[in-house]
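Peer 1: Quick one: structure below, then a few questions.
The values are calculated or read from the model by the stated rules, or taken from the named source; none is laboratory data. All values derive from a computational prediction rather than experimental measurement. Reconstructed Cβ throughout: ideal geometry from the backbone, glycine too, with neighbour counts over all protein chains shown. Note: areas computed on protein heavy atoms with side chains; ligands, DNA, RNA excluded. Shrake-Rupley method; radii C 1.70, N 1.55, O 1.52, S 1.80 Å.
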Amino acid sequence: MQFPVDDCRNSKLETENRKLKTMPVTVKATVGQMPYATRLETPGHAWIVDEPADVGGGDTGPRPGELLAASLASCTAITLRMYVDRKGWRVDEIAVEATVERDAEANRTTFRCRVAATGDLTDEQRARLLHIAKACPVHKMLTNPVEIHTELVDAPTALETFSPSTSPSP
């Protein structure tokens, strides 16, 4: 089933998508002496990422791969909630389960998303939700060409973009 491209134009959803196209997102990760607990910071938020004990971590937070899957799941859920609210559809709950699997031999990463929406929806509306789920900003980032540029910088330079007043303690 094909849906018109302009169905999301001039909507809150399209506004959020445009913001992600132009607004850089910066996250600072700092790991100290405790393996492998890593403090992540964004302006106004801080949390811990870690590895499980069986690989030497302290299991004090989610694994990095879990955060990647969480980004896809949460973005999909938020995008769908914005869409159904804009449409005025009665949807009580949206649940998204995202799984990421890495096949090192095939040099391939596979994401699987399962979406459930509880509410009074027609088959056509459910099909539309699946279409919208595949158009969330994180889904688009993961399915388009991705470039990663990594550089080694002096510590003071690396910290310049973060202000202690905007990064709380976890």
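Peer 1: From the backbone phi of region 109-123, what are the Karplus-calculated ³J(HN,Hα) couplings (6.51 cos²θ - 1.76 cosθ + 1.60, θ = phi - 60°) in whole Hz, Gly and Pro given as x?
Peer 2: 3J(HN,Hα) across region 109-123, in whole Hz: 10, 10, 9, 10, 10, 10, 10, 10, 10, 9, x, 8, 10, 7, 4.
Peer 1: At 1.4 Å probe size, what's the solvent-accessible area of H149? Round to the nearest 10 Å².
Peer 2: Around 150 Å² of this residue is reachable by solvent.
Peer 1: Now a separate question. Per residue of region 26-36, in order, report the coupling 6.51 cos²θ - 1.76 cosθ + 1.60 (Karplus, θ = phi - 60°) as ³J(HN,Hα) in whole Hz, putting x for Gly and Pro.
Peer 2: With coefficients 6.51, -1.76 and 1.60, one gets 10, 10, 9, 10, 10, 10, x, 7, 7, x, 10 Hz.
Peer 1: What residues qualify as long-range amide H neighbours of G119, i.e. H under 5 Å apart, gap of 5 or more or another chain, H built at 1.01 Å from N?
Peer 2: It is D92, by chain and number.
Peer 1: Could you please state, rounded to a whole Å, how far the C-alpha centre of region 53-104 is from the C-alpha centre of region 31-51?
Peer 2: Spelled out, the Cα-based centre of one part sits 19 Å from the other.
Peer 1: Additional query: Could you check the simple spin-label distance between A116 and T99, using points 7 Å along Cα→Cβ, in nm with one decimal?
Peer 2: 1.5
Peer 1: Between M141 and E124, what is the label-point separation in nm under the 7 Å Cα-to-beta-carbon projection?
Peer 2: Spacing of the two 7 Å Cα→Cβ label points: 3.4 nm.
Peer 1: Take peptides 35-42, 108-115, 140-147 and line them up by average Cβ neighbours within 10 Å, highest first, as a rough protection proxy. Before the final figure, lay out each step's value.
Peer 2: On the way: 35-42: 17.1, 108-115: 13.2, 140-147: 9.5.
Descending packing order for the listed peptides: 35-42, 108-115, 140-147.
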